[in-house]
Amino acid sequence: MATIKDKNKYDAIMLRIEELMEQVEENTPMNDHRVMELDLLVELAEEYEDEHYPMGTPSLPDVMKLRMHEMNLTQEKLAEMLGLSQSRISNFLTGKTEPTLKVARTISKQLNIEPGIVLGV
């Protein structure tokens, strides 16, 4: 299968993907040439992105901050929810300390964060 060799080709493919996205609708048949072209180009772009722009595993502080934002929680409210002191929450959010296994379970359940992220694995 073909691969994208450089950034210029990647940029051109991304422009074509944008054009196709405007032409293809949910009810467009899967055997339509535009849908097939779009699928192929998206797959090529994803392979290029995986190689050139890898995404690492998010850190616990980053995910906790995101969840706090999504759930509209302050540090005080989060501390109450988890049954912890605000200073412990602050330490988790700054990465100064990591939660114990018991606290990690609570964080995972209450904030719906993957256990692997909470445990740093």
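Values in this text are rule-based calculations from the coordinates and carry no lab data. All values derive from a computational prediction rather than experimental measurement. As a convention, Cβ positions derive from the backbone with ideal geometry for all residues, glycine included, and neighbour counts pool all protein chains shown.
Listed here are the residues, each with its yes/no results for (1) farther than 30 Å from residue 119 by Cβ; (2) part of a helix (DSSP H, G or I); (3) touching a Phe, Trp or Tyr at 6+ places or on another chain (Cβ under 9 Å).
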residue	(1), (2), (3)
22	yes, yes, no
35	yes, yes, no
48	yes, yes, yes
51	no, yes, no
57	no, no, no
69	no, yes, no
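The single condition among (1) closer than 30 Å to residue 113 by Cα; (2) surrounded by 13 or more Cβ atoms within 10 Å (Cβ to Cβ) that residue 85 does not satisfy is (2). Summed over segment 1-24, residues that are loosely packed, with under 10 Cβ neighbours inside 10 Å, farther than 16 Å from residue 53 by Cβ and more than 25 Å from the chain's Cα centre (by Cα) total 2. Quick check on residue 28: is it assigned to a loop (DSSP other than H, G, I, E, B) and surrounded by 12 or more Cβ atoms within 10 Å (Cβ to Cβ)? Yes; evaluated as a whole, the condition is true for this residue. Quick test of your reading of the structure: residue 74 fulfils all but one of (1) under 29 Å from residue 113 (Cβ atoms); (2) in contact (Cβ under 8 Å) with a residue 12 or more places away in the chain. Name the failing condition by number. Every condition holds for residue 74 apart from (2).
When 55, 71 are checked against the criterion of being surrounded by fewer than 14 Cβ atoms within 10 Å (Cβ to Cβ) and within 30 Å of residue 20 (Cα to Cα), 55 stands alone in meeting it.
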